[in-house]
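Quick note: the coordinates plus some simple rules give every number you see, no bench work behind them. Because the structure is a prediction, the values reported are computed rather than measured. Note: ideal-geometry Cβ built from the backbone for every residue, glycine included; neighbour counts use all protein chains shown.
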Amino acid sequence: MSSGTPRKARVERETRETRVAVEVCLDGGGGCAVDTGIGMLDHMLEQIARHGLFDLEVSASGDLDRDEHHLVEDVGLCLGAAFDEALGDRAGLVRMGHAVVPMDETLVLAALDLSGRGYATADLKFERDRVGQLPTELVSHFLESFARTARMTLHVRELAGGNDHHRMEAAFKALARALGTAVRRDARAGQDVPSTKGSL
């Protein structure tokens, strides 16, 4: 893919439990149109788009009358798969990124590597069961699902905190900023894959 070609992908997933469609452009401007039926999840996806400067469209529906788990997981899986497809062979990337984001009393670090190896760990000290309609236990599960299909290593760490909404939002903003750095094309790298192995 030439350096001037926008990197885009669309991924759809349909099961008995959910129906999800995700479209992403890595070389966007932060445009976002999301509707998952979970207001706080929509808000977090908006953070990824706006602060990573990705154009993002997400449409999702599912068995929310049972539980939010399936929908949150499948949105994460589809989002990761869309990033993976849009990244192609990952040639010329900066590849790694990190960000430390404050939100009032809260401070969260995100560090990631578009390594080709899916792994995630999150240390967020939520005190409530939910923020809006989004169960706080599903935040780490979303991040794990996203990292697995995006084939990236992701670490998210709370450095200070006190408000659960702030914890969650700072985490997603930090993820967005780190991703925005990692997916950039590095002019010095040309079309080389950023690995001594020659592939990711």
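Kindly provide the set of residues from the range 62-76 that are surrounded by fewer than 22 Cβ atoms within 10 Å (Cβ to Cβ) and assigned to a helix (DSSP H, G or I), ordered by number.
69, 70, 73
Scanning for something among the aliphatic types (A, V, I, L, M), within 24 Å of residue 174 (Cβ to Cβ), buried (at least 22 other Cβ atoms within 10 Å of the Cβ) and under 13 Å from the mean Cα position of the chain (by Cα), does the range 87-104 turn up at least one residue?
No: the range 87-104 contains no residue that is among the aliphatic types (A, V, I, L, M), within 24 Å of residue 174 (Cβ to Cβ), buried (at least 22 other Cβ atoms within 10 Å of the Cβ) and under 13 Å from the mean Cα position of the chain (by Cα).
Mind checking which residues of the range 53-80 are touching a Ser or Thr at 6+ places or on another chain (Cβ under 9 Å) and either under 22 Å from residue 183 (Cβ atoms) or aromatic (Phe, Trp, Tyr) (or both)?
Hits for the range 53-80 are 58, 75, 76, 77, 78, 79, 80.
Those residues that are touching a Cys at 6+ places or on another chain (Cβ under 6 Å) and touching a residue at least 40 places away in the same chain (Cβ under 8 Å), I need them from the range 1-54; list them, please.
Of all residues in the range 1-54, those touching a Cys at 6+ places or on another chain (Cβ under 6 Å) come to 6, 8, 11, 13, 20, 22, 46, 49.
Listed by number, the residues that qualify are 8, 11, 13, 20, 22, 49.
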